[in-house]
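Inspection log for the structure reproduced underneath, given as structure tokens.
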Amino acid sequence: MGDASAEAQYEFIIASKPNPTVTLITLNRPKALNALSSPLFHELNHALAQAELDKDVGAVVLTGSEKAFAAGADIKEMKDIEFAEAYGNNFLSHWTQITEMKKPVIAAVSGYALGGGCELAMMCDIILASPTAKFGQPEINLGIIPGAGGTQRLTHALGKSRAMEIILTGKNISALDAEKWGLVSRVVAEGEGEVVKEAIELAKTIASKGRLSVMAAKESVNTSYELGLREGLHFERRLFQSLFATKDQKEGMSAFAEKRKAAFTNQ
Ligand code: CAA
């Protein structure tokens, strides 16, 4: 069930609904290997905001092409920027909206996810990789460093020594290493479109749960990156307790006791 009207409105991305509960956003600048220009990011932010508002949608899938999820920030757009402009306009600040999403976002990565492309994938909640996926932070080859979270999120995912080696040399990580080292949750089977198909199935499964508990779970897991263990556990316990104020908790537990499938109403 595609949504053709959603597909018409963008130049650099395609937004569609392969299922009523899932928004699929496809980065679509094939000639530039989905280089993340500002106009592309503004469209992406708009599509994400629409998905967040859409009451039927429970999860989002973000993908690129078979050749490239995204080959990084648009180097041609960036190359002449001066310090005053970068600092004065807080360059790349428009990249963070995806991290404010309450609904889960799954990255379906085929081909290159380099620089800002790797950082964008790491801003998502789950990364699924095709066997062709190649992750990396090649900014060092351009005389800069990762600027959209690479030095932080890659280090959280892989540990200091591996992150240092990758960021200081600019060398790529294969899909298998990314899986072995915990950067991606899994590598799917070979085949064109396979990773997107798997990501949509995963998004559908998540969207079939109660929205409030999914959002609370996402918020609580993300909090583990920000807080120490004691504060994190405290935060989790309070959120857990607060879910007893929801109809979904009553429904979920009643359904279990009555041996039937829960019918969540997201309340
Ligand atoms: N920005 C702008 N254009 C890009 C691009 C980028 N990041 N990556 C690829 N392109 C363009 C190329 O310039 C080329 O355009 P033309 O046909 O007009 O010349 C087109 O996409 C196809 O690319 P290639 O011919 O290079 O394709 P390839 O298959 O030979 O190589 C690649 C693929 C190894 C990914 C190579 O394109 C590459 O190294 N790209 C740059 C990767 C990179 O350095 N990314 C980091 C960017 S900086 C950043 O992201 C900062 C941050 O932290 C936010």
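The values are calculated or read from the model by the stated rules, or taken from the named source; none is laboratory data. Predicted, not measured: the structure shown is a model, and the values here were computed from it. When we count neighbours, we look across all protein chains shown, and the Cβ atoms used for this are built from the backbone with ideal geometry, even at glycine. Note: areas computed on protein heavy atoms with side chains; ligands, DNA, RNA excluded. Shrake-Rupley method; radii C 1.70, N 1.55, O 1.52, S 1.80 Å.
Express the accessible area of the range 4-207 per residue in Å², computed with a 1.4 Å probe while the remaining protein chains stay in the model. Intermediate results must be reported in sequence, preceding the final value.
Numbers: 9530 Å² over 204 residues.
That works out to 47 Å² for each residue.
Taking the Cβ of Phe135 as the centre, find all other residues whose Cβ is under 11 Å away and add up their charges (Lys, Arg: +1; Asp, Glu: -1). Provide the component values of the computation, followed by the final result.
Working: positive: Lys134, Lys171; negative: Glu119, Asp177, Glu179.
Local net charge: -1.
With angles folded into 0 to 90 degrees, how steeply does helix 229-242 sit against the dominant principal axis of the chain? Use alpha carbons for both and round to 10.
40 degrees
Under the 0.36 nm per residue contour assumption, what length would be gained going from the current alpha-carbon distance of His46 and Asn89 to full extension?
The His46-Asn89 span can extend by a further 13.5 nm.
Could you state the angle between the C-alpha long axis of helix 194-207 and the longest principal axis of the C-alpha atoms of the chain, as a value from 0 to 90 degrees rounded to the nearest 10?
With rounding to tens, the tilt is 40 degrees.
When you count, for each residue, the other Cβ atoms within 10 Å and take the mean per peptide, how do 144-151, 161-168 rank with the highest first?
For the peptides 144-151, 161-168, the packing ranking is 144-151, 161-168.
Would you kindly state how much longer the chain becomes between Asp80 and Glu100 on full extension, computed as 0.36 nm times their sequence separation minus their alpha carbon distance, in nm to one decimal?
Working: separation 20, 0.36 × 20 = 7.20 nm, distance 2.97 nm.
Full extension from Asp80 to Glu100 adds 4.2 nm.
Measure out, as a whole number of angstrom, how far apart the alpha-carbon centroids of the range 221-267 and the range 136-156 sit.
Using only Cα atoms to place each centre, the spacing works out to 35 Å.
What does the charge add up to near Ala68, with Lys and Arg as +1, Asp and Glu as -1, over the other residues with Cβ less than 12 Å from its Cβ?
Working: positive: Arg29, Lys31, Lys67, Lys134; negative: Glu66.
Local net charge: +3.
If we sort 115-124, 200-209, 32-41 on the protection proxy, mean other Cβ atoms within 10 Å, highest first, what's the order?
115-124, 32-41, 200-209
Ratio of the range 211-257's C-alpha Rg to 2.2 N^0.38 Å, to two decimals?
Taking N as the residue count of the range 211-257, the ratio is 1.27.
Sort 132-140, 152-160 by the packing proxy (mean of other Cβ within 10 Å over each peptide's residues), most packed first.
132-140, 152-160
Once neighbouring chains are kept in place and the probe is 1.4 Å, which whole percent of the accessible area of the range 211-257 is contributed by carbon and sulfur?
Reported share for carbon and sulfur atoms: 63 percent.
Please state the Cα pair-distance histogram of the range 163-267 with 5 angstrom bins from zero: what percent is in each bin?
For the range 163-267, the binned pair fractions read 2, 10, 12, 14, 14, 15, 15, 10, 5, 2, 1, 0 percent.
Please report, largest first and rounded to whole Å, the three semi-axes of the ellipsoid equivalent to the chain, where each semi-axis is the square root of five times an eigenvalue of the C-alpha gyration tensor.
Square roots of five times the eigenvalues give 32, 22, 18 Å.
Rank these by accessible area, largest first, 1.4 Å probe: Lys171, Lys259. Kindly include the intermediate steps, with their values, before the conclusion.
Values: Lys171 95, Lys259 185 Å².
Descending order: Lys259, Lys171.
For every other residue with a beta carbon closer than 15 angstrom to the beta carbon of Lys247, add +1 if it is Lys or Arg and -1 if Asp or Glu, then tell me the sum. Write out the running numbers ahead of the final one.
On the way: positive: Lys209, Arg211, Lys250; negative: Asp248, Glu251.
Computed value for this residue: +1.
Against the longest principal axis of the chain, how steep is helix 38-53, in degrees 0 to 90 to the nearest 10, with axes from Cα atoms?
Value to nearest ten degrees: 0.
Please give the per residue accessible area of the range 211-257, computed with a probe of 1.4 Å over protein heavy atoms only, in Å².
Here the residues of the range 211-257 average 72 Å² of exposed surface.
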